[in-house]
1. Please determine whether any residue of the range F:124-145 is part of a strand (DSSP E or B) and either open to solvent by less than 20 Å² (accessible area, probe 1.4 Å) or within 14 Å of chain A (Cβ to nearest Cβ) (or both).
2. Within the range C:196-207, how many residues turn out to be in contact with a Phe, Trp or Tyr (Cβ under 8 Å, 6 or more places away or on another chain) and either open to solvent by 50 Å² or more (accessible area, probe 1.4 Å) or more than 7 Å from chain D (Cβ to nearest Cβ) (or both)?
3. Can we say C:L94 is touching a residue at least 12 places away in the same chain (Cβ under 8 Å) and assigned to a helix (DSSP H, G or I)?
4. If you check C:S235 against the conditions, is it more than 12 Å from chain D (Cβ to nearest Cβ), among the hydroxyl-bearing types (S, T, Y) and open to solvent by 10 Å² or more (accessible area, probe 1.4 Å)?
5. For B:Y210, are the conditions met, namely being closer than 16 Å to A:L215 by Cβ and of a type in the set (F, W, Y)?
6. For the subset of the range C:106-116 comprising residues that are without any contact (Cβ under 8 Å) to a residue 60 or more places away in the chain and surrounded by fewer than 18 Cβ atoms within 10 Å (Cβ to Cβ), which member is nearest to the other protein chains (Cβ to nearest Cβ)?
7. Which condition number in (1) open to solvent by less than 10 Å² (accessible area, probe 1.4 Å); (2) farther than 15 Å from A:A62 by Cα; (3) of a type in the set (V, I, T) is the one that A:V119 fails?
8. Of all residues in the range A:191-207, which are of a type outside the set (S, T, N, Q), outside any loop (DSSP other than H, G, I, E, B) and free of Cβ contacts under 8 Å to residues at least 60 places away in the same chain?
Number of protein chains: 6
Amino acid sequence: MIRPNERRTNQLRTTKIKQGFSKHAAGSVIIESGDTVVLCSAMVEEKVPPFLKGTNNGWVTAEYSLLPSSTDTRSQREVNRGKVSGRTSEIQRLIGRSLRAVVDMEALGERTVWIDCDVLQADGGTRTASVTGAFVAMYLAFKDLKEKDILQEIPITDYVAATSVGIVEGVPVLDLEYVEDSEAQVDMNVVMTSKGEFIEVQGTAEGKPYSKDELQQLLNLAESGIIELIKMQKSFLGE
Amino acid sequence: MIRPNERRTNQLRTTKIKQGFSKHAAGSVIIESGDTVVLCSAMVEEKVPPFLKGTNNGWVTAEYSLLPSSTDTRSQREVNRGKVSGRTSEIQRLIGRSLRAVVDMEALGERTVWIDCDVLQADGGTRTASVTGAFVAMYLAFKDLKEKDILQEIPITDYVAATSVGIVEGVPVLDLEYVEDSEAQVDMNVVMTSKGEFIEVQGTAEGKPYSKDELQQLLNLAESGIIELIKMQKSFLGE
Amino acid sequence: MIRPNERRTNQLRTTKIKQGFSKHAAGSVIIESGDTVVLCSAMVEEKVPPFLKGTNNGWVTAEYSLLPSSTDTRSQREVNRGKVSGRTSEIQRLIGRSLRAVVDMEALGERTVWIDCDVLQADGGTRTASVTGAFVAMYLAFKDLKEKDILQEIPITDYVAATSVGIVEGVPVLDLEYVEDSEAQVDMNVVMTSKGEFIEVQGTAEGKPYSKDELQQLLNLAESGIIELIKMQKSFLGE
Amino acid sequence: MIRPNERRTNQLRTTKIKQGFSKHAAGSVIIESGDTVVLCSAMVEEKVPPFLKGTNNGWVTAEYSLLPSSTDTRSQREVNRGKVSGRTSEIQRLIGRSLRAVVDMEALGERTVWIDCDVLQADGGTRTASVTGAFVAMYLAFKDLKEKDILQEIPITDYVAATSVGIVEGVPVLDLEYVEDSEAQVDMNVVMTSKGEFIEVQGTAEGKPYSKDELQQLLNLAESGIIELIKMQKSFLGE
Amino acid sequence: MIRPNERRTNQLRTTKIKQGFSKHAAGSVIIESGDTVVLCSAMVEEKVPPFLKGTNNGWVTAEYSLLPSSTDTRSQREVNRGKVSGRTSEIQRLIGRSLRAVVDMEALGERTVWIDCDVLQADGGTRTASVTGAFVAMYLAFKDLKEKDILQEIPITDYVAATSVGIVEGVPVLDLEYVEDSEAQVDMNVVMTSKGEFIEVQGTAEGKPYSKDELQQLLNLAESGIIELIKMQKSFLGE
Amino acid sequence: MIRPNERRTNQLRTTKIKQGFSKHAAGSVIIESGDTVVLCSAMVEEKVPPFLKGTNNGWVTAEYSLLPSSTDTRSQREVNRGKVSGRTSEIQRLIGRSLRAVVDMEALGERTVWIDCDVLQADGGTRTASVTGAFVAMYLAFKDLKEKDILQEIPITDYVAATSVGIVEGVPVLDLEYVEDSEAQVDMNVVMTSKGEFIEVQGTAEGKPYSKDELQQLLNLAESGIIELIKMQKSFLGE
């Protein structure tokens, strides 16, 4: 099996994290993972959902959308169907959970971080790129709150990043692009901290079931990729 | 840590598979897993979604719902919100994927199996009980098609069942009931075949991230539970 | 005209009222009327709709749903259409009105009884079975409130039950099952108290108009059936 | 008990049927029943709903709406809630059923009559005024089809009209206006043919149940009112 | 080019303003502009939208609807699509803006005027007829508030009326009816005060772009028409 | 009155047209107008809406959206309200009309151009920037079709661009940014061709009505701006 651009099985696509749009959002980055491009923003609102009122705890919530022109065949806007699709809903929940797992909600206090991941161009791995980029946007927003003396510390307990792995033509590979993803036998998304611990593992057999051995190989590939991604996050953030 | 009813950490709740309502549905079972009770039905429609027309392949799709009175605090009917929630959508997709993974769509031919999982009483683990029960309902519907000479063989490639595992008070346990689930640090749903291969692994850190070791222990617990569940399926089906 | 199973024109189908699911709902029964099976639950909420706030009066409201697998051809879930159908809405309003007519709202106090009627299997007469079963579920919920010393008395003024009558092949008959209902010339639902007074009469000519005489015969049939049903309610409730 | 304007218990309000708007609708009338004013239109479409295609039978369907300014407190437009209310849905179904009961669908042929009842001013009895006016609008549309030689005969089997009756302060009365309706103990809508046969009887106890005797008195009042209304229909139609 | 009924290019259709329905709405008029007939109502509510609470300023908002039978081919009710169309939304916003431009919101105080424009028969120019009629209905509602001593003065700063102009077969004409409108090359709606100042100019090239000269001619035609319309408003209002 | 950044009253903001995302969309540009940034894409579909089938004519349609993070206070995604707002609908219609006015639909043939304008950062004038950018994206898509020999010529009859003008503190100014727009007394959007002819003029008095003189000055300002914008379009397109 030869990957597109002769990538090695354990090689990430060229990945870049760039400054996004700064006029309105406290944190805004554009993450490019090969041809996948996602605009990730974080905006802070000084209130929390009803179930948290009076608890002194904050909240992080995420929304995700594919721009219509981001996909090969134009994607219909979900507003025209009147509701988000099951796929979008799943991704939004994944991003939100992944970020909340590393935020100290008490240190954040009663405020909500709104994360928006808008896919400007899609080529596979948009949900994992969203997690990786959204963490950076959220970090920037926290920095902004700290600079304004609203927070005393950046209220996070660890870094978090995500990547996809999968089995294509029988071979476990890291960071699938669209042409690989669409014919993968197993598709797995892994969210990890800088300590190498799992926040989320979601592995689905699309074609045929996978063994424990295969699962192990996929998790190892994911770990190596995520270590690299967290390095990029730290480098962008200057930490 | 002592579990409710002094269950052992690797012990399933009392689980029963019973005949459901037979007037209209080809396959209908009620699965009880402790106090969780789900009505699983399978109905066959002699057509397929547009993307499969003319392919000689069949389809399996699933819907899931909590009856309003199934939960401690009454659940609002989703029709009154105008759309299914993200949680429902995720569960529906999980059940559908899990069953499709073991169906030979070409042997099924151009027909759709509609799976309905309606939770009559909820006490944790409704989605995994749904997968386990839905497989049996689908099998019954296939048997019915075979008895009517519409199918020559039961078009499945393996048995499939599911269970939840998690880490509660630091201890990995099998088959969480609601009081355990609501305070679990890790929550994982595992769907497996009778050959011990994975169809789906979904593990989420609710409180703190989990290590590779913990992941391994959870998967072992899940496997032991699923082996038992598949025995019950075979026994109910008389195979 | 010979009825299915050689039922007499004034004979109810075999009807049973059974205990439902007791973990979460204060009142829960399953009513079987021939092959029609409805799960009726009553849950109490300690608040009332806005128009009743501060009036010291309670409220009773009902929802109704056909499970997709309850009908011969699978019924689409209404959530997927985004709203309840006209038929469902009519039935929900009928059940709510019928129960409210015998509840002493002042004695109930500022709380709401939520009635849920979920049809597990449908064979005609689901709305009238729902009224009959829902009354029992509500009664059980009131008993529970009384046992907890929240209410001093069961706040009802009378028993209420319902049945359908109709004209099939020119003959007035009691308690139509689906095959009869679908070709009835007149279809009538009657809700009555134990004193033989009407709460609701809804008679529709499906094929040809009906005379005053025919109306009279239908009402007499309905009364005889409802007397029997109220006996069953009292027997189940041990009163 | 003294009725508003000293009406007798068996006296209709001043009722007028007038020509409506003729530029686009084949049949259009305005019916005034006291201060209740409804614009009833009938438009014919040369196709039928899917379930009637190829059957050589026609269809009649009705829609109903309160103009926002027709009620004392402005009624919110239902489009802003995204769906029709249960009340509107019930009324639409009642009007449609009432008209279909007197149409010879085979003589109509594969075409649909769309009935629109838009309440310009509401003062009680809007649904029964709608039935009475809609019949006339439909008749005019049939006449138009006959004049154009599309139909050979007016495809109706009888005239149909409707009125409300009820028990107010213990007294059975005919044709309730809003102030009466809002405090009636029993509220009943009756749809009848010119032969004195019933198409629909819907009687609801709002306050306390009603006896068989009271039911009989209400039906007699309704009959006398409907006989008068059908005379007005015939007079307007010049038949 | 000869206009229908040999109207001159600068001639309005026969226009009449009549009293509407007075039982519930403080202000209600029917405006006829040729075969276009619109019922315009104004109702006052003693509260304002959230963004105006505590500001001592009032609000004017408008809704618009085509009755299904008002158009040549029956218009589907928007409630059945679940939302207002883009066209309806545009018109509602235009009417609201036009009226707000001449209301002294401080003099009105914290109350909302709800304007409803329901088109009973459509033949082009329904939005401009709505503006012209709605102003009169609003004025009547203000008069009513003044008579009740709720307002000291009619809180308007000027009269406002509207008309359409357009280029048909190369010729600029005033007040287009439907057959003209449907083939106009330019379609323009103009809203003006009695002082000849603009509140709104909306000119769209449907077929080919228009020059500055043509724009000038259209505005002149509009002005002459609006002067006439404001005369009719004043005459109806007796001012 | 001094404008932000001391802009002259007849001076456009710094405006740039850049290449957008090229993997999937035939035409994609990013237009920056000061701090307003819009991604404009054009994708071609080889079919037309039903009303154009068989006519040999093409279609151009546009959609517009504000990204949640594009505004100072986060904008709620419209999908979560279930429908597009009136404002969005108006803008979408304006963009579509403006482009259709310069496309030769017969030369385009039976295909649809989908225009998507997604606002990445908003600072006033997003709808006019969208028109200006969308024209370029559409042109690029046409070029692509021509290069693929699907079209023989670029099927446009003229260039089109748009800008906003308004009266701020009594002074007519060109190309309003948000702080100006929010306090403008008159707000006008003008769409023009390279020949100086109008496609659309929409001028609204927000505060007080405007005179014919003021209208004239605004149109002159708009013309001067649009001439510059069309130069930029031509320069970017290399024509």
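The values are calculated or read from the model by the stated rules, or taken from the named source; none is laboratory data. Since the structure is predicted, the reported quantities are computational estimates derived from the model, not experimental observations. As a convention, Cβ positions derive from the backbone with ideal geometry for all residues, glycine included, and neighbour counts pool all protein chains shown. Accessible surface areas use protein heavy atoms only, side chains included; no ligands, DNA or RNA. Shrake-Rupley method; radii C 1.70, N 1.55, O 1.52, S 1.80 Å.
1. Pass one, the range F:124-145, residues part of a strand (DSSP E or B): none.
No.
2. At the first step, the residues of the range C:196-207 found to be in contact with a Phe, Trp or Tyr (Cβ under 8 Å, 6 or more places away or on another chain) are C:197-198, C:203, C:205.
After this cut, where a residue has to be either open to solvent by 50 Å² or more (accessible area, probe 1.4 Å) or more than 7 Å from chain D (Cβ to nearest Cβ) (or both) as well, the list is C:197.
The total comes to 1.
3. On the way: touching a residue at least 12 places away in the same chain (Cβ under 8 Å): yes; assigned to a helix (DSSP H, G or I): yes.
Against the criterion (touching a residue at least 12 places away in the same chain (Cβ under 8 Å) and assigned to a helix (DSSP H, G or I)), C:L94 qualifies.
4. Working: more than 12 Å from chain D (Cβ to nearest Cβ): yes; among the hydroxyl-bearing types (S, T, Y): yes; open to solvent by 10 Å² or more (accessible area, probe 1.4 Å): yes.
Judged against the criteria, C:S235 is a match.
5. On the way: closer than 16 Å to A:L215 by Cβ: yes; of a type in the set (F, W, Y): yes.
Considered against the rule, which asks whether it is closer than 16 Å to A:L215 by Cβ and of a type in the set (F, W, Y), B:Y210 comes out as yes.
6. Initially, the range C:106-116 is screened for residues without any contact (Cβ under 8 Å) to a residue 60 or more places away in the chain, giving C:106-109.
The next check asks that each one be surrounded by fewer than 18 Cβ atoms within 10 Å (Cβ to Cβ); those that pass are C:106-107, C:109.
Details: C:E106: 14, C:A107: 16, C:G109: 19 Å.
Residue satisfying both the conditions and the ranking: C:E106.
7. (2)
8. If we filter the range A:191-207 for residues that are of a type outside the set (S, T, N, Q), which is where we start, we get A:191-192, A:195-201, A:203, A:205-207.
Retained after the next criterion (residues that are outside any loop (DSSP other than H, G, I, E, B)): A:191-192, A:198-201, A:203, A:205.
The answer is A:M192, A:F198, A:V201, A:G203, A:A205.
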